[in-house]
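Novice: Encoded as structure tokens, here's the structure I'll be asking about.
Read-outs: derived from the displayed coordinates by stated rules, not from any lab. None of these values were measured; they are calculated from a predicted model. Every residue, glycine among them, receives a Cβ derived from its backbone with ideal geometry; neighbour counts consider all protein chains shown.
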Amino acid sequence: MAKEEWAKILGGIRLGRFIAIIASACVVVAFFCKLAAAQDGVLSGSEAAVVKARVEKIRGLKLTANVPVSYLSVAETESRFSTEFARETSQAEIDAGVGEGKLIGLYPPDMKIERKDLADVALELAGFYDPRQKDIVVINRPIAVALPERFRNAVTELKKLETAGTLGHELTHALQDQHFDIEAAQKKYKGDTDHELAYKAIVEGDATLSGFSVVTRRVDDQTIDYFDTHLQDIVPIFMGRTEGKPRAMTYPFIFQYTEGARFVAEAYHRKRWDGVNALFTGPPLSTQQIMHPELYFDHPTPAKTVMLAGYEKVLRDWKKVDEDTLGELMLKIMIERTMGEQTPYVEAAAKWAGDRIVALQKGKSMTVLWMLTFRDAGCADNFNRLYSGILDKVLPATTARKIEQRGPAVFVMIGDGAIRYHEFLPEVWKQSRIDNAPIEAP
């Protein structure tokens with residue numbers, strides 16, 4: 001896990017940022033055996049050098065600079081983050097993100113998140129790579145129970161194996177930083193959560209496969225397929241462990257590792273590690289491509305660029321607090337939350353072709369404007385009818401809402417600002433663009 005992603009917890013936590021933030025939290029240890037790290041898991045200098053050599057051999061890349069490794073306690077790790085949290089994260093920003101998610105049906109109406117809840121996620125880390133300090137931290141969690149002497153050697157070996165996997169994962173992030181400048185790449189995707197999550201999926205998918213290969217000391221199609229198949233088994237375990245938290249908070253988190261590893265494995269099968277390296281120069285452009293790899297590898301289908309405009313003059317007394325692209329993944333999660341995880345209606349999300357969402361605030365009131373485009377007018381009509389029912393289900397009858405459709409485009413308006421939709425709707429259709437083209441009148 002690259003530590004710069006933790007900095008995203010600190011910045012403007014609106015809906016898109018909030019989603020990306022939760023997805024950034026890393027439990028690498030879950031992939032290598034969920035045990036609390038003991039001091040016996042610390043690798044010696046020579047053992048760490050072996051892991052480094054394996055990572056370089058597996059990935060076919062050399063570290064261009066030394067990467068120091070530190071072993072910190074949970075308290076020391078928490079301290080390393082706490083100053084940044086206190087300085088850069090406000091409760092108002094968190095509240096805005098949660099409020100926006102409630103309006104569109106992504107979060108339950110009773111959801112509450114405090115700044116401390118986000119800071120506490122740091123305690124789940126197994127380790128991280130910090131691109132600013134250019135170091136790796138592996139977190140030690142001493143075992144709280146006494147072990148019989150006959151078990152200690154076995155536990156020590158298991159812990160060292162776990163640490164080797166974590167270190168292999170984080171050293172892969174160091175390679176990515178040194179060769180592909182992943183921090184700069186992620187900055188380009190600010191304001192596009194969908195694109196950002198897609199990029200993080202290749203970052204974490206690569207590191208997850210590499211870390212596993214360090215442990216197994218074997219890299220081939222069969223081994224990667226075996227790992228990828230069983231990696232999916234941790235999803236219900238993880239979701240069960242985070243039961244009670246909204247799926248929109250927890251699933252994007254695990255998506256990066258499970259679906260990211262599956263996507264990166266496809267690149268490996270096609271062109272080995274050269275194919276994986278190529279993902280960083282020509283990355284997937286949406287979570288849709290991660291979820292449906294054929295839309296990247298076989299018949300490339302990038303998301304359409306949606307520009308939402310025309311409401312500004314009428315709603316000039318409202319402050320824009322967020323603008324983002326949510327993508328197929330978050331649309332799917334919203335439908336599953338409101339209609340049930342096994343609902344056939346989730347097929348509507350797979351027909352997504354692009355979106356742009358804007359959140360406006362005036363005092364304590366919030367308005368959400370959301371323009372989505374689908375593969376064709378029929379798919380848009382299906383979503384229009386489905387989402388109308390979802391909003392009736394999740395919103396109080398007193399909450400203003402309006403949905404309009406033109407061909408494959410659907411425009412959603414929710415909140416007090418939607419009361420004036422008749423004043424700005426003609427200009428929205430006139431000024432908004434999909435792939436720089438006007439939205440044609442029906």
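Novice: Only counting other Cβ atoms within 10 Å, I'd like 320, 351 sorted with the fewest neighbours first.
Specialist: Ranking 320, 351 by Cβ neighbours within 10 Å, fewest first, gives 320, 351.
Novice: Express the C-alpha Rg of region 329-407 as a ratio against the empirical globular expectation 2.2 N^0.38 Å, rounded to two decimals. All intermediate terms of the calculation are to be shown ahead of the outcome.
Specialist: Details: Rg = 13.1 Å, N = 79, 2.2 N^0.38 = 11.6 Å.
That ratio works out to 1.13.
Novice: A further question follows. Over all alpha-carbon pairs in region 389-442, figure out the percentage whose distance exceeds 14 Å.
Specialist: 57
Novice: Let me ask another. Evaluate E = 1/(1 + (r/R0)^6) for residue 237 and residue 422, where r is the Cβ-Cβ distance and R0 equals 51 Å; express this FRET efficiency to the nearest 0.05.
Specialist: E(calc), rounded to 0.05, equals 0.50.
Novice: Could you give the semi-axes, largest first, of the ellipsoid that matches region 155-227, computed as the square roots of 5 times the alpha carbon gyration tensor eigenvalues and rounded to whole Å?
Specialist: Semi-axes, largest first: 27, 14, 11 Å.
Novice: Using only C-alpha atoms and all pairs of different ones, pull out the Kirkwood radius for region 306-438 in Å with one decimal.
Specialist: Answer for region 306-438: a Kirkwood hydrodynamic radius of 15.1 Å.
Novice: At a Cα cut-off below 19 Å, give the lysines reachable from residue 393, other chains included and same-chain residues fewer than 8 away excluded.
Specialist: Straight-distance partners of residue 393: 102, 332, 402.
Novice: So, one more: Tell me, 163, 343, 281 in order of fewest to most beta-carbon neighbours within 10 Å?
Specialist: Details: 163 27, 343 13, 281 8.
Lowest to highest Cβ neighbour count: 281, 343, 163.
Novice: Could you give the radius of gyration (one decimal) and Dmax (whole number) of the Cα atoms in region 159-313, in Å?
Specialist: Using the Cα atoms of region 159-313, the pair Rg, Dmax is 16.6, 62 Å.
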